[in-house]
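Written out below as structure tokens is the structure these notes cover.
Readers should treat all values here as calculations from the given coordinates under stated rules, not as data from a laboratory. On a predicted model such as this, the values are computed, not experimentally measured, just so you know. Backbone-built Cβ (ideal geometry, glycine too); neighbour counts: all protein chains shown.
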């Protein structure tokens, strides 16, 4: 007796290809990816805009500078007419790409140029922190889940404590301590003013978000028959980890990357807003919002524009992340249900 | 149930201890940082430095240093701000607590109610127009920076539309509940709504997913086979079971909120709560204040988590034995 | 023949899927007389569960269409308004599902759920419903019912839970009980207890439809047997007739694949060659033809279920089925 495969059955495509196909059919996710790409491209063009279109240095204050509006030369900052005359009112949006398109902040710096540069910082911090968290979190989770015993107990307890610690407070603690002197941990040295400092801090506080679910996943995997079979047949541990465990865990980790990037960007902006994130002279969307705090009622554009960009970018990342999740691992959840 | 509650509180105490050790390590054992200089403040004179060094036992072994720190924080409560010398940190924190509690509890009530209503509606209306709308609110909610949303709300209610639609909105600030409950609610209204908007959508989204899954469960089929009405099946069976994961998530968010979004919301709306206290301290790197607020807030979060877990066990009989 | 309690005529269930329209139940007709036990057998995917869910209108997915007639005491259930249908469910027709582990709502006590079933159909006080729940639980053989009533489903073992589910199904003394593989998920010893319980119920006068893929279960309890394959009835008849003179080659296969205690020791249990037909891949003609040793040209056309009291849907000459069965078995052994 022979069993012939039924004629309708085709060789099934691999999981990655199926996922890619699903993602490419998901129009919402594609639109989000397009938005994201646009934001990234615009940010990359920051020096082009600043040097060749606006002809301004967004990191230099222009307190007594002038600009041209409707052919007339006007000062960038005018003394405040209301109140006690202590403040200054920067120029508002001119909607002229060459001259303070979105106006200036209270140091006379071009808001649009700063936004583009700030985007580079925010995107850089968000993405590298997310990548770092996901890689470290996956390693920690896999090691804890697969090793079990004392190793797992120790790692899990540490993760539990960090998990129970409100993230912003933890980030604030770390920032406050590290901001003045920087971080020296063995071979790793991070300067106090460096962008790598917020990256490291944000990556560190979110490690449990990735490591805990992945550890759980590995614990379940460990008891699966095919892993037991591989162990029973004497396969070396690194081989089992590489061939059997990682392929099951990596899709979940990939799902976390865009969602984590969104979370990291929001955290960065909040820390910068609290003045313990990105330090001057660097700008990020968060620091620009903080700059705009005092100008909220006179020049709302300084506040609104960076906030809109954060919202747009994180929304695109979240929607894209949803799409990736649906395609790769529908059960993956970051803490907070995101 | 009582045994469970006691166990849960015991483990909460353990976590608090661990967190206090973590805070201690961050502030007192970060390599390359002199804790005395940080606590005494910038440009402190040598006498103050020596005094700080002595009172925190910085020349003594680690465990003793830890105990001294905890004594200053919890027992003597004599930690002093180095910006406003002489002002004690802990009484400030205790004074600020009701403000923060008003904010988070009110917002939590609003977002849980709105989230449950919207999520249930979306689950019953799935495939119709209301459904994607609720999903959208969810995405927007998790994508907005809390403080920025607060500022936009301020801009609208205090400036742009203040002369027309929002003339009844009081200026940012806080009125105690004991002083004037009406004014208290009025002052808190927009902070509440701002915070609630961030979370209501994501809860609605999550609940929708849970209810849709629950409606496909075997027990719902059993309930249908019993001849129950669809309404009863939805509310008493599907929704009741779906609330369990929502409540456990709420426990996490509530804690994260106190130390996160609420902090920022307080700053933006000028509410003198723990968040504002921390924010002001951060502007001057006023370390004693930061240490105090962080530790107290973290303790509060851990306690809140424990309370939610006990509520969770009331909701889910299976959790009581775990 | 007495007026049937349940009379299903030309029942058809279609699912709309990504691969197009799939017919899971294709023109199924059968009836159940009062007090009778009908055993419905077939492999997984033969449409037995789906057809019973369709009878109670428990297929709620918008992608399902059900057509045909389901006459219960002369009323067509498929045409009933929702409200009246709800009054039928649980009160006149109750259903017990396969997996007792997931069939009860995890957050309520067993007693609460039984009382809920009672109060859904009868105006009784909470106290009275509670008292009845205690009686029901002890009737289905749960010791110390009064205290077990306050236990949650997760505190019950599988067998206990199935008893609780059955107690709930019996709460309004339905005239028909549909049991969808009630013993499959249970241990063998517990299976026997549950079967005993079902037999007692039947002795008490309620009719029953018992869905199973276990021929042993059917032989113990059924009055009549319906064999399904590929969403259609392959054979239907009194239990003795089906077991002692099976007419459809598929039934032969099912019966031959049951090991016999005391029979000759087989080197290998006979199996039915090929794999069960998937809904969606059912051929135009006889559904079983691709796996049948005795298929011939006529099988390209769909056979109708025909006969007097013992019906079958097969093109083989009706005279010498027993002889054909033996010769088919011989060719099987030779190959």
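Remarks
- The protein assembly as shown, helix-only ellipticity at 222 nm - DSSP H runs n ≥ 4, -39,500 (n - 2.57), divided by all residues, nearest 500: -17500 deg cm²/dmol
- Between helix A:15-25 and chain A: long-axis angle, C-alpha atoms, 0 to 90°, nearest 10: 40
- Residues of segment A:261-301 with an amide N closer than 20 Å to a point placed 7 Å from the Cα of residue A:78 along the Cα-to-Cβ direction: A:294-301.
- Ratio of Rg to Rh over chain B (Cα coordinates, Kirkwood Rh, two decimals): 1.05
- Ascending count of other beta-carbon atoms within 10 Å, so fewest first, for C:31, C:67: C:67, C:31
- Shown for C:272, C:93: other C-beta atoms within 10 Å of each C-beta, ranked fewest to most, produce the order C:272, C:93.
- For the pair residue B:320 and residue A:27, a Förster radius of 51 Å applied to the C-beta separation gives a FRET efficiency near 0.65, rounded to the nearest 0.05.
- Over all directions, the projected convex hull of the C-alpha atoms in segment B:174-322 averages 12.0 nm² in area.
- For the peptides B:210-216, B:298-304, the ranking by packing is B:298-304, B:210-216, with the highest mean count of neighbouring Cβ atoms within 10 Å listed first.
- Calculated translational diffusion coefficient of segment C:100-173 (25 °C, 0.890 mPa s; Stokes-Einstein with Kirkwood radius over alpha-carbon pairs) equals 209 µm²/s.
- Residue-span extension gain [residue C:243 to residue C:284] - 0.36 nm each, minus C-alpha spacing: 11.9 nm
- Counting only alpha carbon atoms, the long axis of helix C:126-139 and the longest principal axis of chain C meet at about 40°.
- Counting all C-alpha pairs of segment B:2-76, share separated by more than 21 Å (%): 36
- The angle between the Cα long axis of helix B:89-124 and the main principal axis of chain B comes to about 20°, on a 0 to 90 degree scale.
- At q = 0.07, 0.11 Å⁻¹, base-10 log of I(q)/I(0) for the protein assembly as shown (Debye sum, equal scatterers on each alpha carbon): -0.77, -1.39
- On the basis of the beta-carbon distance and an R0 of 30 Å, residue B:64 and residue B:37 show a calculated FRET efficiency of 0.90.
- Residue order, fewest to most beta carbons within 10 Å, for A:53, A:205: A:53, A:205
- Approximating the spin labels as points 7 Å out from Cα along Cα→Cβ, the residue C:150-to-residue A:308 distance works out to 6.3 nm.
- Taking a ≥ b ≥ c as the square roots of the Cα gyration tensor eigenvalues, segment C:1-92 comes out oblate, since a/c reaches at least 1.5 and a/b does not exceed b/c.
- Chain lengthening between residue C:10 and residue C:44 when straightened (0.36 nm per residue, less Cα-Cα): 10.1 nm
- Here the calculated FRET efficiency for residue A:237 and residue B:185, from their Cβ-Cβ distance with R0 = 45 Å, stands at 0.15, rounded to the nearest 0.05.
- The modelled label-to-label distance between residue A:57 and residue B:45, using points 7 Å beyond Cα along the C-beta direction, is 4.2 nm.
- 19 Å cut-off, amide nitrogen to a point 7 angstrom out along residue A:153 Cα→Cβ, residues in segment A:217-257: A:219
- Cα gyration tensor category, rounded, prolate or oblate, for segment C:271-332 with a/c compared to 1.5: oblate
- Gap separating the Cα centres of segment C:155-207 and segment B:250-322, nearest whole Å: 51
- A simple spin-label model places the labels of residue C:219 and residue C:257 1.6 nm from each other, with each point 7 Å out along Cα-to-Cβ.
- Distance-filtered residues of segment C:142-168 - backbone nitrogen under 18 Å, label point 7 angstrom along residue A:219 Cα→Cβ: none
- Annotation for segment A:48-79 versus segment C:42-88: alpha-carbon center distance of 75 Å.
- Summed over all non-identical Cα pairs, the Kirkwood treatment of chain A gives a radius of 22.7 Å.
- Per residue, the average separation of C-alpha pairs within less than 8 Å and at least 6 apart gives segment B:96-319 a relative contact order of 28 percent.
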